[in-house]
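Step one of this worksheet: look at the structure below.
Read-outs throughout are calculated quantities, based only on the coordinates presented, and are distinct from any laboratory measurement. Keep in mind that what you see is a predicted model, and the values were worked out from it rather than measured. We place every Cβ from the backbone using ideal geometry, glycine too, and count neighbours over all the protein chains shown.
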C-alpha cells in the first residue's frame, strides 16, 4: 500500500502562499551550438512561484557552503535549477542549491539556498 502525498503537497503549498510572497524566477538554459561564433547560445524563461525567506543562523553559516548573506527559501513545488535567479525586493539572487523534501516521487516543497 502506498501513501498519498498529494494532500501534504497541497498543505505545504497553501502554507507557503499564506506566509510567503510571489517571486519572479528566471531560468537559463543552453541552446544549440553556434559554429560561426564558436559558442553555445542561451535562452531564458521566466516563471513565478511562492516562497518564504529566512536568514541562515550563525550556526548554519560555515563560510564554505553557506556564506554570510545567503538566504534560505522554502518554495512551493516547481522545477528549480541551480543558477536560476530570483528577484527579491529589487535584489537578484542566484540559486546555489536545491533540496526537495520528497518522500517517494512527490516533492512536497523545496528548500533553496540563494546568494547575491
Just grab the label-to-label distance for residue 22 and residue 88, each label 7 Å out from Cα along the Cβ direction, in nm (one decimal). 1.9
Would you please classify the overall shape of the chain from the alpha carbon gyration tensor, given that a ≥ b ≥ c denote the square roots of the eigenvalues, rounded means a/c under 1.5, and beyond that prolate means a/b larger than b/c while oblate covers the rest? oblate
Spin-label pair residue 115/residue 14, simplified geometry with 7 Å Cα→Cβ offset, distance in nm: 3.7
Over the chain: helical MRE at 222 nm, DSSP H runs n ≥ 4 each giving -39500 (n - 2.57), nearest 500: -4000 deg cm²/dmol
Please compute the length gained on full extension between residue 29 and residue 61, using 0.36 nm multiplied by the number of residues separating them and subtracting their Cα-Cα distance. 8.5 nm
Can you give the angle from 0 to 90° between the axis of helix 6-19 and the longest principal axis of the chain, with both taken from C-alpha atoms, to the nearest 10? 80
Let me make sure I get this right: for segment 1-40, a, b and c are the square roots of the gyration tensor eigenvalues over alpha carbons, sorted descending. Under 1.5 in a/c it's rounded, otherwise prolate if a/b > b/c, else oblate. Which is it? oblate
